[in-house]
Each structure stands twice: as C-alpha cells, then as structure tokens.
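Derivation of every value follows stated rules applied to the coordinates shown; laboratory data play no part. Predicted model only: the values in this text are computed from it and were never measured. So basically every Cβ, Gly included, is an ideal-geometry build from the backbone, and we count neighbours across all protein chains shown.
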Amino acid sequence: MGGFFGVTAKEDCVFDVFYGTDYHSHLGTRRAGMVLYDQKKGFDRAIHNIESANFRPKFEKDVMNMEGQSGIGCISDYEPQPLIIRSHHGTYAITTVAKINNIDELVKRLFMSGFSHFMEQSGGEINQTELVAALIDQKETIADGIRYAQEAVDGSLTLLLMTKDGIYAARDRLGRTPVQIGKKDGAYCACFEGFSYLNLGYQPEKELGPGEIVLMTPEGVKVLKQPKKKMRICTFLWIYYGFPASAYEGLNVEHMRYRCGVRMARRDMKRGDISPDFVAGVPDSGVAHAVGYSNESGIPHSRPFVKYTPTWPRSFMPPFQNKRDLIAKMKLLPIQDLIRGKSMLLIDDSIVRGTQLRESAEYLYEHGAREVHVRPACPPLVFGCKYLNFSRSTSEKELIARRKIALLEGTEDVPYETLEKYTDPDSEPYHAMMEEIRKEMHFTTLHYNRIDDMIEAVNIDPECLCTYCWTGKE
C-alpha cells in the first residue's frame, strides 16, 4: 500500500510536508521520501528505508536542511520514491500509489516507441513510479500524459506530480484510492488521508472524483480533467487500511466499523446460540467493530489484551510473513484477570492466511479462556486483490478460504463458477468452508460479517464499491 502528502504554498512548507507525510505511516513500512522545491535552490530530495524505524526519526535531520515553497512526501510499501524526472516537460518530482499488473506490456510498448532505458530498480524489477513517468512523458502536456497513464494501467494509479509551477494531483480512473484537498491561507495540500492536514491548520476543500486531475498552486485548485462517473473505491479502506480518523466519500472509518459491529450483533442475536461474558476487538482495527457489537447486543466490551505501543506503534509490519506473525504476537500483552475462565467474542478486521488470529486465539486459551467466539468484520477473502498492493507477494492459494475450498473440492484449480458458490453466505458450500476454517483455527464458533451487511454499513451505492477480494466480480 502507500500514501502521500503534498503542499504548495506562498511560504516555506517543509514542516507541513514532513508532518503531513508522517500521518500516513500506517499505510506502509518499507520506503519513504520527500522532495522539496525552492524557487532559488531548485529540487531537493531525501529517501530512506523505514523498515527499522518510523518516518519521523529517519527524516528529522533532513528537514532541518531543506527549504521549499512546494513539496511532496510519501510512504511506500514497495518502491523507493518520490523520483525526480527530467523530460521534455522540464524537471518534476512524482510519487504514486499504484498497482500495475501489465508492466511487461507497457515496457514493451515504450521500447517500441523509442524509449531507451529505465534507471530505477526495485528488487530487480522496474520501479513502477518511473514507468508511470515514462508514460506521462509520451504526451505533449502533463495533464494529457497523466490521463494517458491512467488509461494504460491495468490495476490502479493515483499520483502527485510536482513541477516548479505547482502540484498535479490525480485520482485513479475508477477512484480505487482517494485524493483529498485541504486549504489554508496561502497554501493548499493534497493527500491520501484527509485527517492528515487538520492539525496543520488546513480545512477540507474537496475530494477528487474518479480520474479527476487538478493543478494545485498557492492561489487555488484548477480542474484539468473532469471526474468520471464510474467509481470502484476499495471497501477494504474502511474495514482495515484506513486510520479511525480517516473518511472516504464522506464516510468516516470509525463510524463504518461501528455500524459493521452493530450488524454482526443483530445476526448473532437472531441466532441466539452464544452468550459470551464480553466482546473484544483485536487492536487496533477490530476495536470499533467490537464497540458497535457491544452497544447493540448489550454484552459488555472489554480488553483481554492490549498492544504495547511504545516500541510497536505501527499496525503494518515487515513484508516477510514469518516476521509479521512473530511481531503481531509480541505486540499483544494479555490481561489475565480478564481472560481466565471467561467466554469471549473476538472481532478482527479480517482473516487472510489465518496465522495471526489463530495464534491470538491460542494465546487466549493458554491464559485460561473458556471459549473464544470469532467474528471477522468482512466476508472470507477468496480472491487476491488485483488493484491495491494488499498481500502483493501472496498467492491466492495461501488465503485460508482458498485452502479450505481446495480441500473441499479436492483440487487447487477451482473454476470461478464453483468459487462463486463459496461467496454466497446462504449456501451449503460457504458453511462447509467456514466450518473447516473454524476447526483449523480452534475457535468455539465462527461467523463472518455478511457482504450485504458490510455494504449496508458503508451506505454507499454498491455499484461504486470494489468488493473483488470477496466476490471475484470487477
């Protein structure tokens, strides 16, 4: 995943870029960077690896020596960026939040058109932000180039591009990821997370529509390409990615999670087959769901374990799964007096591979829990995401739902028509899959949030939501 923050101002904006970018640290843990443009000194860039430390301590020394009236910063879970590019458009800096599935095709197209080479490499692969810049440079204007890149990319592409004259902000052509604009006297900012500018004195100005391209200067925001009507914003933004203070399409993340919890409680109340002593959310993204469940059901909310935040503050962990699993366990500390002899209902945002939540349940049993009922806040993940860098290195076959489907079907090569049956919460195959997951995970009971309840909690036209990872439908 990733996030960005950009500012164009009449005065120096280094600290706004620094702190605004830092507010996106929950979106990635591998690379981060800042580029400032000063009218006298030109472009100045700093990029660091942030796998062993947060953004802020890595860049504190850099910002003391940087100056600029415009700047962009990013958190990236993959390629180093922002990049500084020199082309017929002049010199510019660019950062992207993107997933490009057709890189080989686009590279071949560029080479055939006379493009000579790529300089940046990310893990032996072409840096996709440099590829986007090369696509933009195929056209006569930057705005036309951005639109060309948006249409050429199979996947998703949202970006900031900074020239000496201002900052271009462009949202993915189907709006899969957001761009939000803030305003204060003498300055405008563009970002992924709208809450990131509030403590810096900005007020909400607008949220870009799908495919919309604007040019931002200290004087205002000019629309260069009008938004498209069709939108497919990622529903997982509300379930997991987004920080509680975030809002997308006018809907706050915390509020949506609370409403998911309410709907899960109503389903359980209809079943009437469990009576836990309390409800708990797995820190941090499961907490709001658990509060909604508790308030609707009347079952007390409690915290049987807490996250040790002084040294494990981030929810995202290193990209290597074995390290993620170990750190996820190390972060959580049990409160034994609240666990011993208790029946509890545990809510997490999702179950992906199943490793972390299974270990959390075993952790609770080891400390004396009597029952552990589990309620993931979204449906089973059956399809790998094609549009965001969620589980980028993970095969669909590693998803616990797909493993159980393969077990039940007797093969890993399951056609879509069969997979579709496992996405229907009222079907027998779905319940058979869920029972196999429950047994492997050692849960007392397991019920996923239904897709219809989840969509109702978002309360946005379902045609505007991407639910591909749950349904396989684009």
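The table for this structure:
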{"quantity": "For peptides 166-175, 215-224, sequence by mean Cβ density within 10 Å, most packed first", "calculated": "166-175, 215-224"}
{"quantity": "Cut-off under 5 Å, modelled amide H: who pairs with Gly68 long-range", "calculated": "Cys13, Val14"}
{"quantity": "When the stretch 220-273 is reduced to its Cα atoms, the Kirkwood hydrodynamic radius in Å", "calculated": "13.8 Å"}
{"quantity": "Cα-based helix-to-principal-axis angle, 428-441 vs the chain, degrees rounded to 10", "calculated": "90 degrees"}
{"quantity": "Distance between modelled label sites at Ser343 and Thr418, nm, 7 Å Cα→Cβ extension", "calculated": "3.8 nm"}
{"quantity": "FRET efficiency, 1/(1 + (r/R0)^6) with R0 51 Å, evaluated for Glu398 and Leu198 via beta carbons", "calculated": "0.85"}
{"quantity": "Computed magnitude of the charge dipole of the stretch 116-233 (debye, nearest 20; Cβ of K, R +1, Cβ of D, E -1)", "calculated": "560 debye"}
{"quantity": "Cα centre as origin, Lys/Arg/Asp/Glu Cβ charges: the stretch 251-471 dipole, Debye", "calculated": "840 debye"}
{"quantity": "Relative contact order computed over the stretch 2-230 (Cα-Cα under 8 Å; 6+ residues apart), in percent", "calculated": "20 percent"}
{"quantity": "Note, ³J(HN,Hα) from phi for the stretch 230-244, Karplus 6.51, -1.76, 1.60, rounded to Hz, x at Gly and Pro", "calculated": "6, 9, 9, 5, 5, 5, 5, 4, 6, 5, 9, 4, x, 6, x"}
{"quantity": "Span per principal axis, largest first, for the Cα atoms of the stretch 251-471 (Å)", "calculated": "48, 39, 35"}
{"quantity": "Leading residue at positive end of dipole, the chain (Cβ point charges), from Met269, Gly341, Val153", "calculated": "Gly341"}
{"quantity": "Scaled radius of gyration (Cα, divided by 2.2 N^0.38 Å) that the stretch 349-469 gives", "calculated": "1.09"}
{"quantity": "14 Å Cα-Cα reach of Lys58 towards aspartates and glutamates, excluding residues that sit fewer than 8 places from it in its own chain", "calculated": "Asp22"}
{"quantity": "Scattering profile of the stretch 367-431 at q = 0.20, 0.28 Å⁻¹ [log10 I(q)/I(0), Debye over alpha-carbon scatterers]", "calculated": "-0.88, -1.30"}
{"quantity": "Taking Thr129, Thr411 and counting other C-beta atoms within 10 Å, the order from fewest to most", "calculated": "Thr411, Thr129"}
{"quantity": "Candidate lysines for bridging to Lys397, where Cα separation is under 16 Å - those fewer than 8 sequence places away on the same chain excluded", "calculated": "Lys386"}
{"quantity": "Above-threshold pairs, the threshold being 26 Å between Cα atoms, out of Lys184/Lys225; Lys108/Lys473; Lys270/Lys342; Lys229/Lys473", "calculated": "Lys108/Lys473"}
{"quantity": "Stokes-Einstein D in µm²/s, Kirkwood radius over Cα pairs - the stretch 49-178 at 20 °C with 1.002 mPa s viscosity", "calculated": "138 µm²/s"}
{"quantity": "Separation of the Ser87 and Ala245 label points, Cα + 7 Å toward Cβ, nm", "calculated": "3.5 nm"}
{"quantity": "Residues of type lysines that Lys41 reaches as a straight line, Cα spacing below 20 Å, ignoring anything fewer than 8 places off in the same chain", "calculated": "Lys10, Lys61, Lys164"}
{"quantity": "Relative contact order for the chain, counting Cα pairs under 8 Å that sit 6 or more residues apart, in percent", "calculated": "12 percent"}
{"quantity": "Formal net charge of residues neighbouring Arg266 (Cβ-Cβ distance under 13 Å; K, R +1; D, E -1)", "calculated": "+2"}
{"quantity": "Interchain or long-range residues, amide H under 5 Å from Lys228's placed H", "calculated": "Gly211, Glu212"}
{"quantity": "Debye equation applied to the C-alpha atoms of the stretch 95-236, log10 I(q)/I(0) at 0.15 Å⁻¹", "calculated": "-0.76"}
{"quantity": "Diffusion constant of the stretch 1-103 at 25 °C, which comes from Stokes-Einstein with the Kirkwood Cα-pair radius and 0.890 mPa s, µm²/s", "calculated": "180 µm²/s"}
{"quantity": "0 to 90° range, to nearest 10: angle between helix 400-409 axis and the chain longest Cα axis", "calculated": "60 degrees"}
{"quantity": "Cut-off 13 Å between beta-carbons: net charge of the residues surrounding Leu251, Lys and Arg +1, Asp and Glu -1", "calculated": "-3"}
{"quantity": "Nearest 10 degrees, 0 to 90: helix 142-152 Cα axis against the chain principal axis", "calculated": "40 degrees"}
